[in-house]
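Engineer: Quick one: structure below, then a few questions.
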Amino acid sequence: MVRFDVTGDDLAARFDARLPSGSYGLLLGIVLCIPLTVAVLSAIEAQSPLGQAPPTVILTINGQSQQSVYGDYSWRGVIADAFQFVAPRSPLLAAAHFSATLNLHTRLGPPSEASCALRRVTPDRCAVGDGPSFSCWRPVHDWNTKIDCPALDGSSPAELDFQVPPGRYVLSVKTWWNNVGGTTQEFSIFVSSNETMEPTR
């Protein structure tokens, strides 16, 4: 067995001999640049067309427009689910027989697949906590009609036509973009009698 006794001074001297002059400053600069590079790449990623969350869609009724709220999504490996209907707090106002325009055009273009359904709902406590811009709902179980929308291809705004009893409704829109992910997005609608368009509390 051969033993070599090398002191700390010897090691430092050998290390210094292998590094050219000014290399320590270069190494320090590289180390300091790593966090900055990560921050810059994260900012670029957040602003990219794919982004960190799915694009939202727009519903218009009688000239009123509303941006959807996520109910759930699976997007680029990230999964989120409210496990209940989550819709904008301020509803779109509609008569018992109403038409709506669903615009599926987004920063990614139209989704690869899309479908929607209208459900009558009643207020529910938000499991994720109340927010200033959304409220939570659950289906009205004694109203056994779920109205499915016609087939959606996303190539142009979809015209939807409904005739339903007065009450609060959520329009749930499922969207999917190939190789990226999908989401359920929801809209809030208050359907009144023909005499009034004011939502009840």
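The values are calculated or read from the model by the stated rules, or taken from the named source; none is laboratory data. If you're wondering where the values come from, they're calculated on a predicted model, not measured in any experiment. Using ideal geometry, Cβ is built from the backbone for each residue, glycine included, and neighbour counts are taken over all protein chains shown. Ligands, DNA and RNA are stripped out before the accessible areas are found, and what is left, the full protein with its side chains, is counted by its heavy atoms. Shrake-Rupley method; radii C 1.70, N 1.55, O 1.52, S 1.80 Å.
Engineer: If a residue has to be among the charged types (D, E, K, R) and out of contact with any strand residue (DSSP E or B) (no Cβ under 7 Å at 6 or more places or on another chain) to count, how many in segment 151-166 make the cut?
Structural biologist: Here the count works out to 1.
Engineer: Take the conditions among the β-branched types (Val, Ile, Thr) and free of Cβ contacts under 8 Å to residues at least 24 places away in the same chain and apply them to ILE58. Does it pass?
Structural biologist: When the stated conditions are applied, ILE58 does not pass them.
Engineer: Kindly list, by first and then second residue, each pair from a residue in segment 61-79 that is under 16 Å from GLY51 (Cβ atoms) and touching a residue at least 12 places away in the same chain (Cβ under 8 Å) to a residue that is open to solvent by 50 Å² or more (accessible area, probe 1.4 Å) and not in a strand (DSSP E or B), limited to pairs with Cβ atoms under 8 Å and residues at least 6 apart or on different chains.
Structural biologist: These pairs meet every condition: TRP75/GLN52; ARG76/LEU50; ARG76/GLN52; VAL78/GLN52.
Engineer: Let me ask something additional. Within segment 48-85, track down each residue that is open to solvent by less than 60 Å² (accessible area, probe 1.4 Å), part of a loop (DSSP other than H, G, I, E, B) and not aliphatic (A, V, I, L, M).
Structural biologist: Across segment 48-85, the qualifying residues are SER48, GLY51, PRO54, PRO55, THR56, SER68, GLN84.
Engineer: Here's a follow-up. Tally the residues that are at pLDDT 95 or above and either open to solvent by 60 Å² or more (accessible area, probe 1.4 Å) or among the hydroxyl-bearing types (Ser, Thr, Tyr) (or both), restricting the search to segment 167-182.
Structural biologist: Total satisfying the criteria: 3.
Engineer: Now, a different point. Of the conditions (1) over 20 Å from VAL140 (Cα atoms); (2) of a type in the set (Ser, Thr, Tyr); (3) at pLDDT 90 or above, SER48 satisfies every one except a single condition; which number is it?
Structural biologist: Among (1) over 20 Å from VAL140 (Cα atoms); (2) of a type in the set (Ser, Thr, Tyr); (3) at pLDDT 90 or above, the lone unmet condition for SER48 is (3).
Engineer: Related question: Answer yes or no: is there a residue in segment 123-138 that is outside any strand (DSSP E or B), of a type in the set (Ser, Thr, Tyr), in contact (Cβ under 8 Å) with a residue 60 or more places away in the chain and touching a strand residue (DSSP E or B) at 6+ places or on another chain (Cβ under 6 Å).
Structural biologist: For segment 123-138, residues outside any strand (DSSP E or B), of a type in the set (Ser, Thr, Tyr), in contact (Cβ under 8 Å) with a residue 60 or more places away in the chain and touching a strand residue (DSSP E or B) at 6+ places or on another chain (Cβ under 6 Å): absent.
Engineer: Additional query: SER188: under 20 Å from HIS97 (Cα atoms), open to solvent by less than 90 Å² (accessible area, probe 1.4 Å) and at pLDDT 95 or above, yes or no?
Structural biologist: yes
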